[in-house]
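The next block holds one structure in the form of structure tokens; read it before the comments.
The values are calculated or read from the model by the stated rules, or taken from the named source; none is laboratory data. On a predicted model such as this, the values are computed, not experimentally measured, just so you know. Virtual Cβ from ideal backbone geometry, glycine too; neighbours counted across all protein chains shown.
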């Protein structure tokens, strides 16, 4: 009965929504949109090639600040929820072969994430994507080598430190922007460099770095907190 | 002669006597409240301030502030005696003031930006309803006996002697033309209150119903819309205030002396507290309208003002008879019985007074009695205070005296024939049952609505697509 | 100019980022930092109000800030107008009070708690100031996520269930708001509120309404108006009292701000009116008023009762705003401010008794008067203000609300306000009575002392905050006319969104 | 058109999963479906001839898709992931206490 009722209501809602969405105009009703400007002037205005990165860390950098703050808040919330005084730690890992293999692979994972973070303004990728890869390292540590290994190599305090550093780096770049360009998160033209090269695109690179550190450490903390719970029985 | 009395003059008069009554109550309370004395004085001071504002202001908001101030202060005073009673009293008064609040908003909507006489009958009715809760109009009076029977004597004196008048002052200002409904309510109140007082066995309940009956005269005077009626109402407010304050303050002494307020148990009351007994007799005599006491004059004014309207003049004789009957009944049981029935030897027995009144308790009683006498013997004194020309009504005292004697004879005869009109004891009236019912019903309704509205979590969530569907269909079809 | 609106966001944000870092090294320093930062942001808020006051009265107050240096249609801008100033001051004030209150109130996991609290403050300030609709969404989510975590702070079963319930509603609300924004973007190609306001009428009518449906549904869920009110009692009842106060006092008011900003300025109220949705809004808001008051009658737990009462009052605010008359807007804004003061006070004073007593939740209010009389009297004063006793502030907002309804001849609403008053009294009375039950000596034994000794953990912080709120409630009741002039300016801004558009777009209206 | 259809279908399937499934985890999946549907619809906003939103310095005139929806979606995805993580954490905690994640057996959700 309930299922049937729900299905009927949802079907009608979907139909009505679909009918209404049919009248979406084919092109923007405004002719001089921000999107057009971004496409035309991204290289000259920011020095970045990756337009999405340019939008995320320059044109709409404040959104990204809010977004990384959301991650920060989530991490704080999860740590708050899962914190107990005695954290059970497991030292059980997978077999030796897996451990050796990942011993070789892990540095490359790290390298890849650093590459993605630092080339955020040139190629697809950026702070978030690279950060997620950074967090993978913790996952590898915890699963392959046991969480006690992760605890000793990469203790939660250090993760917190890295995360906070990333956040403050973002904020710091914003404040430097005030000093250099007069507006928060401004992209100082002095840092632009030659478009297409690694040290270019002004403040996008440090912001990418900050976000990468923050997201990496944040997700690592989330994973670490959660796995502590599930491994409790061992 | 203008149709209405200038309210400003009456304001000074009322204010002056209000302050006087507060001083009397304050003097009395200095012994009654030993622990919370300062608190009580603070409340009294605020009360004085509030009714001053009610009497003088022309602004609705200030009026409402003062009005609620009176509610809160009287609640706090009742709180000194009993918590539950205070809550009940506050609830009832709050409902009343919300009606008033509504009436004011409506008046504002009709364009009355200040407190001025109202034209629309429905608006007048709303105001009578709103003001009636505090002034204990018939139908809204149900809080009066329970509250008086439990609250402390000074608080009862304040409520019954003065707080109830505040609403009538407002009615006087809003309805200078009178109001028929108020008139009839007043008439009904006189008889209803009198009858209930007649059957009461608890002294303070009796006083409460007597208040109801006397307020009927005030309502009558205001409702008639005649000048004499209004002057009579204003004067009666004060005279009744003084009399009731004296009686209630006295009742506090009786209560402590006689260990209770059952009127059959006042033994040798006269010999124990002679001053109190005299003031009680004077107070009741004033209520009865005996000559040479103030009540005589004010009741006559009201009678003169209203007797032409319907057969009121005739009815008021009956009203006086009822007043005489309940007053005589109490006086007989409370005071006179011992004086008449006991032998001389018995009378001379050593009187042991368990609660000797102090000077501070005697002074208000004496002043009250003196005022009643003074106004009764020399009525122009009242007009002097009212700063009004004597309306020139010559009220001869001797026909009234004959009437009085007639009534007294009837009363005494009735008492003698029925051996003092003994009625079995009644339980003290209480609001618990009614308000308990209100709360139980409200909780039940609330509970059933909750059960209805809060089905399982997912049914709750189902509202979201439902509302979206509703709005989307609306976009397409409307 | 002593301040920049940006600082009001960045200061709590920076503090939140720094707290974990400082926490690693020295705990006492963090406590000091919390207080200093909270005070400084209060100072900033005051400075903003102080310096803006003359401009506010003159009606010329407007501050915009172009982030990253890009002009409005290209980048994100902060548009700080007088309406924003009002709500920003509210956020600043209540965040400060609750941070100070929490010092004596929260006994464990303080580091994360303050991080979340500061982030919440930053999120609310961001909502109030931003001039970009997507940025608005981001900040809505920021404040929502922090509030999720804060509600679950107690980590008992009840609060976890409450959080799940709230999160499901909150996430759906977020998605709907996002969808509404995307529909607008997909039609117009802009995210700037001023530009949207300028061009919203160009969107095909069905699409206008579709986007409004989703934005409105999302916001109504957040506001807890009638068919979406189910989360309120559970959440407010299970969260720590300080957080309930924050949600009911601040977040709900910020949501009112979003409602005003989106539908009065962003889309223009005519969209709602022409579709007849202002009547719909009025209807469900009034329904929610009466339901809130009626449902509160059954509650025996003080915070749940307050939650339902809150639902009733929020409904009333939405109802009176939806009249869209100057008087209605005035009454709505006034009641929003006053209700924030009263409800925060109620939650905080009730929280004091709940925190410092032992026993089951329903019993903890018993004998409260003997635990600390002034706080209990404060509770009574707030309750009296809620039911509209004249010299207190609740009376005045209801007074104007009623006049606004009368002006539009919405008589049922007037009846609802009165019944709300009387029902309010009926549901507050049992708690007052319960608080006065029992004997003094017994009650003193049952009470627990402050959680841990130390300067920063004294009950005094808690009580001081309640006293401040009592003072505010009483004084704002005595001085309601202070609000008159600035509110008129705000109302003018709301009724003529063209001024906002001109301010943001610098006088040049595109195309 | 087809994108809108997909979007609506996904959206409604997600809502169905929230409204009809009795498991909290499935409810989370439903929430993610709803969010995912909106994100999907956002990034399918192809107005002009497509192309990656990355400037090729060698061919600066190449057409480029509107980059803003991508940026918005990226932001929104992160937010959505954060909320999901928090929600899952809370469900884990609740499961630890109540030993169930059936919506019907969690009476507290109703109140």
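Brief remarks follow.
- Filter result (closer than 13 Å to residue B:209 by Cα and either surrounded by fewer than 24 Cβ atoms within 10 Å (Cβ to Cβ) or touching a strand residue (DSSP E or B) at 6+ places or on another chain (Cβ under 8 Å) (or both)) within segment B:145-156: B:146, B:149
- A count restricted to segment C:1-34 and to residues that are away from chain A (no Cβ under 12 Å) and not in a helix (DSSP H, G or I) stands at 4.
- Of all residues in segment C:280-290, those that are without any contact (Cβ under 8 Å) to a residue 12 or more places away in the chain and more than 11 Å from chain B (Cβ to nearest Cβ) total 1.
- Screening segment A:17-126 for helices (runs of 4 or more DSSP H) wholly inside it with 2 or more residues that are more than 14 Å from chain C (Cβ to nearest Cβ) and buried (at least 16 other Cβ atoms within 10 Å of the Cβ) returns the ranges A:96-118.
- Residues within segment A:170-204 that are free of Cβ contacts under 8 Å to residues at least 60 places away in the same chain, crowded, with 18+ Cβ neighbours inside 10 Å and facing another protein chain (nearest Cβ under 10 Å), tallied: 4
- Answer from D:11, D:39 - the residue that is in a helix (DSSP H, G or I), crowded, with 19+ Cβ neighbours inside 10 Å, more than 9 Å from chain A (Cβ to nearest Cβ) and within 10 Å of the chain's Cα centre (by Cα): D:39
- Any pair with Cβ under 8 angstrom, 6 or more apart, that starts in segment C:204-227 at a residue that is more than 7 Å from chain B (Cβ to nearest Cβ) and ends at one that is outside any helix (DSSP H, G or I) and buried (at least 24 other Cβ atoms within 10 Å of the Cβ): C:208/C:267; C:211/C:203; C:211/C:267; C:212/C:267; C:215/C:267
Conditions (1) within 12 Å of chain A (Cβ to nearest Cβ); (2) surrounded by fewer than 24 Cβ atoms within 10 Å (Cβ to Cβ); (3) without any contact (Cβ under 8 Å) to a residue 12 or more places away in the chain, marked per residue:
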| site | (1), (2), (3) |
| --- | --- |
| C:101 | no, no, no |
| C:106 | yes, yes, no |
| C:119 | yes, no, no |
| C:132 | yes, no, no |
| C:147 | yes, no, no |
| C:150 | yes, no, no |
| C:154 | yes, yes, no |
| C:157 | no, yes, yes |
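- Of all residues in segment B:97-104, none satisfies being within 22 Å of residue B:148 (Cβ to Cβ) and loosely packed, with under 15 Cβ neighbours inside 10 Å.
- Of all residues in segment C:229-251, at least one satisfies being more than 14 Å from chain A (Cβ to nearest Cβ), within 22 Å of residue A:13 (Cα to Cα) and touching a residue at least 24 places away in the same chain (Cβ under 8 Å).
- Scanning segment C:180-190 finds no residues that are within 9 Å of chain A (Cβ to nearest Cβ), over 24 Å from residue B:471 (Cβ atoms), part of a helix (DSSP H, G or I) and free of Cβ contacts under 8 Å to residues at least 60 places away in the same chain.
- Yes/no for residue C:166 being more than 9 Å from every other protein chain (Cβ to nearest Cβ) and touching a helix residue (DSSP H, G or I) at 6+ places or on another chain (Cβ under 6 Å): yes
- Residues in segment C:370-386 that are touching a helix residue (DSSP H, G or I) at 6+ places or on another chain (Cβ under 7 Å) and either buried (at least 24 other Cβ atoms within 10 Å of the Cβ) or within 21 Å of residue C:237 (Cα to Cα) (or both): C:375, C:376, C:378, C:379, C:380, C:382, C:383, C:385, C:386.
- Boolean, residue A:14 is in contact with a helix residue (DSSP H, G or I) (Cβ under 9 Å, 6 or more places away or on another chain) and more than 10 Å from chain C (Cβ to nearest Cβ): yes
- Scanning segment C:291-311 for residues that are surrounded by fewer than 24 Cβ atoms within 10 Å (Cβ to Cβ) and more than 10 Å from every other protein chain (Cβ to nearest Cβ) yields a count of 1.
- The helices (runs of 4 or more DSSP H) falling completely within segment C:206-277 that include 3 or more residues that are under 30 Å from residue C:349 (Cα atoms) map to C:230-238, C:241-246, C:252-260.
- Condition broken by residue B:404, with the remaining ones in (1) farther than 30 Å from residue B:260 by Cα; (2) within 14 Å of chain C (Cβ to nearest Cβ); (3) surrounded by 16 or more Cβ atoms within 10 Å (Cβ to Cβ) satisfied: (2)
- Pick from segment B:429-478, criterion surrounded by fewer than 15 Cβ atoms within 10 Å (Cβ to Cβ) and assigned to a loop (DSSP other than H, G, I, E, B), ranking: modelled with the lowest pLDDT: B:478
- Residue under evaluation residue D:32, criteria (1) surrounded by 14 or more Cβ atoms within 10 Å (Cβ to Cβ); (2) touching a residue at least 24 places away in the same chain (Cβ under 8 Å); (3) assigned to a loop (DSSP other than H, G, I, E, B), criterion not met: (3)
- In segment C:462-485, residue nearest to residue C:264 (Cα to Cα) [restricted to those that are modelled with pLDDT under 85 and buried (at least 19 other Cβ atoms within 10 Å of the Cβ)]: C:483
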